[in-house]
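**Q** Quick one: this structure, given as structure tokens, is what I'll be asking you about.
The values are calculated or read from the model by the stated rules, or taken from the named source; none is laboratory data. Remember, predicted model here, so these are calculated numbers, not experimental data. With ideal geometry, Cβ positions are generated from the backbone for all residues, glycine too; neighbour counts draw on all protein chains shown.
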Amino acid sequence: MGKIYISMGLMSGTSLDGVDVSIIKSDGKREFSPIFDRYFEYDKKLIKRLLEIRQKLTNSEALNDHSQEVKDLEREVTLFHAKAVNETLKISKSDLDLIGFHGQTIFHDSKKRITKQLGDGNLLSQLTKKKVIYNFRQNDLDNGGQGAPLTPIFHNVLANILSEKYKIDFPINILNIGGIANVTTTVDWKNLWHSQNIYAYDIGPGNCLIDEWIRKNSKEKYDKEGLIAKSGKIDKLILNQALDNFKINSNYAVSLDINDFDIFFAKGLSLENGAATITDFTARLIADGINFVNKITNSNKNKWMICGGGRKNKFLLERIRNNFENLDFDPIDKYEVGGDFVESQAFAFLAIRSLKGMPISFPTTTRNNKFLTGGVLVKNF
């Protein structure tokens, strides 16, 4: 066993609603245990500014056009993260070795190898008096990768721990329904450290279209438990046209961004019917991704563990299940894992691997050309 580190992970996802904070103990390899998790919600003014800047950044040129606004917002987001860190440390009283700071993604174009996460690692280190690792994606992009997804190595470690604890047989797949839906196919310990066994895929929208529809057509921020969608009627004509018009890479080899999708196809529908139709559209694409994984793993006995905010949308899960006769498909919380904090725990884990120079991305996850570490270490105190 290598040195055990106490690491904090900070994750703010594409829902733009706040920051997940997790503290873990790990050696960056097989040893892992959670210590503390907490969520900090952005205030309404910050959410509004983040939504506005993301809408402006329709292409990479727009990053330059709005550079001062991006810079100002980056400082504000970093100050919010610093406050979250310091409040968490007061409560948890943990003696941190380092912080993994993902930042707030506002633009990601895997084809052009450009990504932008709001987050100033130097400022965060200064304000928290801790070592910080940030800018996790750039090294992968610089070496032919797509910069995402980065969580598969952590998903694999988590799956092995749960397999041992609950006597669950492989294959085990972890489906994260965040803004984007992505899948990691996991393998047991003896096969884990061979790169060709670590696979991950972005398979379609997760919460992004549903959230956008709800925000634009109501005073709510999201469809709690899918109740709005459940009260509506799926417009099958519009749904089928949307599915016919949407094309995704047949082998799911492309990293996706929320700008790859829009809700225009539901224009003119009522709040409830639009929510129902968009939710079923999302479910159908996720089901297609599940079928793809079942096919390549040559197994209909895959165990599916779901994390991310989308696992709370009961109507979405119901519509996904509707595409299968039999699907072993449960929120990861069933196994005493906080499904809201898998990503923040992952970046705490990735920070340790980065500190030790260990790989965090692989040819079969981000489609780069070799095992790669990533992240920039700063100590500014």
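**Q** Output the number of the condition that residue 57 fails; it satisfies all remaining conditions of (1) closer than 24 Å to residue 159 by Cα; (2) buried (at least 17 other Cβ atoms within 10 Å of the Cβ).
**A** (1)
**Q** Now for a different question. What pairs can you find where one residue is in the stretch 117-140 and over 26 Å from residue 368 (Cα atoms) and in the same structural domain as residue 11 (by TED's automatic domain parsing), the other is outside any helix (DSSP H, G or I) and among the polar types (S, T, N, Q), and their Cβ atoms are less than 6 Å apart, with a gap of 6+ or different chains?
**A** Partner pairs satisfying both residue conditions: 122/380; 125/380; 126/380.
**Q** Now, a different point. Identify all residues within the stretch 36-54 that are farther than 17 Å from residue 339 by Cβ and in contact (Cβ under 8 Å) with a residue 24 or more places away in the chain; write none if there are none.
**A** 40, 41, 42, 46, 47, 49, 50, 51, 53, 54
**Q** OK, next. Of all residues in the stretch 111-136, which are crowded, with 23+ Cβ neighbours inside 10 Å and modelled with pLDDT under 95?
**A** 115
**Q** Among the strands (runs of 3 or more DSSP E) contained in the stretch 1-118, which hold 1 or more residues that are over 24 Å from residue 149 (Cβ atoms)?
**A** Result: 5-12, 32-41.
**Q** Moving on. Would you point out the residue of the stretch 361-370, among those that are of a type outside the set (Lys, Arg) and out of contact with any Pro (no Cβ under 9 Å at 6 or more places or on another chain), that is farthest from residue 29 (Cα to Cα)? Outline the logic, then answer.
**A** Our first condition is that a residue be of a type outside the set (Lys, Arg); within the stretch 361-370, this holds for 361-366, 368-369.
Next, only the ones that are out of contact with any Pro (no Cβ under 9 Å at 6 or more places or on another chain) stay: 363, 368.
Numbers: 363: 19, 368: 21 Å.
So, considering only residues that are of a type outside the set (Lys, Arg) and out of contact with any Pro (no Cβ under 9 Å at 6 or more places or on another chain), the one farthest from residue 29 (Cα to Cα) is 368.
**Q** Hey, among the residues in the stretch 163-187 that are in a loop (DSSP other than H, G, I, E, B) and touching a Ser or Thr at 6+ places or on another chain (Cβ under 7 Å), which one's farthest from residue 153 (Cα to Cα)?
**A** Checked the stretch 163-187; the qualifying residue farthest from residue 153 (Cα to Cα) is 179.
**Q** Do you know which of the residues in the stretch 231-259 that are assigned to a helix (DSSP H, G or I) and without any contact (Cβ under 8 Å) to a residue 12 or more places away in the chain is nearest to residue 111 (Cα to Cα)?
**A** Taking the stretch 231-259 as the starting set, the residues that turn out to be assigned to a helix (DSSP H, G or I) are 236-245, 258-259.
Still in the list and also without any contact (Cβ under 8 Å) to a residue 12 or more places away in the chain: 236-237, 240, 244.
Numbers: 236: 33, 237: 32, 240: 28, 244: 23 Å.
My answer is 244.
Table: residues versus (1) surrounded by 19 or more Cβ atoms within 10 Å (Cβ to Cβ); (2) over 21 Å from the mean Cα position of the chain (by Cα); (3) of a type in the set (A, V, I, L, M, F, W, C); (4) under 15 Å from residue 102 (Cα atoms).
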site	(1), (2), (3), (4)
3	no, yes, no, no
7	yes, no, no, yes
20	yes, no, no, yes
23	yes, no, yes, yes
30	no, yes, no, no
47	no, no, yes, no
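**Q** Does any residue in the stretch 59-80 that is closer than 17 Å to residue 12 by Cα come within less than 8 Å, Cβ to Cβ, of a residue that is among the charged types (D, E, K, R) and in a helix (DSSP H, G or I) six or more places away or on a different chain, and which pairs are these?
**A** 73/49; 76/49
**Q** If a residue must be part of a helix (DSSP H, G or I) and under 30 Å from residue 131 (Cβ atoms), how many such residues does the stretch 301-359 contain?
**A** First, the residues of the stretch 301-359 that are part of a helix (DSSP H, G or I): 309-312, 314-321, 332-335, 342-355.
In the following step, the residues that additionally are under 30 Å from residue 131 (Cβ atoms) were identified as 309, 332, 342-355.
Qualifying residue count for the region: 16.
**Q** In the stretch 208-257, how many residues are within 30 Å of residue 362 (Cα to Cα), β-branched (Val, Ile, Thr) and over 20 Å from the mean Cα position of the chain (by Cα)?
**A** Within the stretch 208-257, residues that are within 30 Å of residue 362 (Cα to Cα), β-branched (Val, Ile, Thr) and over 20 Å from the mean Cα position of the chain (by Cα) number 0.
**Q** Now, a different point. Quick check: anything in the stretch 75-85 more than 27 Å from residue 128 (Cα to Cα), touching a helix residue (DSSP H, G or I) at 6+ places or on another chain (Cβ under 7 Å) and among the charged types (D, E, K, R)?
**A** No, every residue in the stretch 75-85 fails to be more than 27 Å from residue 128 (Cα to Cα), touching a helix residue (DSSP H, G or I) at 6+ places or on another chain (Cβ under 7 Å) and among the charged types (D, E, K, R).
**Q** I'd like the full set of residues that are without any contact (Cβ under 8 Å) to a residue 40 or more places away in the chain and part of a helix (DSSP H, G or I), limited to the stretch 261-285.
**A** 264, 265
**Q** Could you grab me the full set of residues in the stretch 1-46 that are aliphatic (A, V, I, L, M) and modelled with pLDDT under 95?
**A** Selection gives 1, 16.
**Q** While we're here: Just to be sure before I move on: is residue 73 modelled with pLDDT of 95 or more and buried (at least 17 other Cβ atoms within 10 Å of the Cβ) in the structure I sent?
**A** When the stated conditions are applied, residue 73 passes them.
**Q** Same structure again: Give the number of residues within the stretch 298-324 that are over 14 Å from residue 174 (Cα atoms), modelled with pLDDT of 95 or more and not hydrophobic (A, V, I, L, M, F, W, C).
**A** The number of residues fulfilling the criteria is 8.
**Q** Filtering the stretch 185-212 down to residues that are in contact with a strand residue (DSSP E or B) (Cβ under 6 Å, 6 or more places away or on another chain) and free of Cβ contacts under 8 Å to residues at least 60 places away in the same chain, which residue is surrounded by the most Cβ atoms within 10 Å (Cβ to Cβ)?
**A** Among residues in the stretch 185-212 that are in contact with a strand residue (DSSP E or B) (Cβ under 6 Å, 6 or more places away or on another chain) and free of Cβ contacts under 8 Å to residues at least 60 places away in the same chain, the one surrounded by the most Cβ atoms within 10 Å (Cβ to Cβ) is 186.
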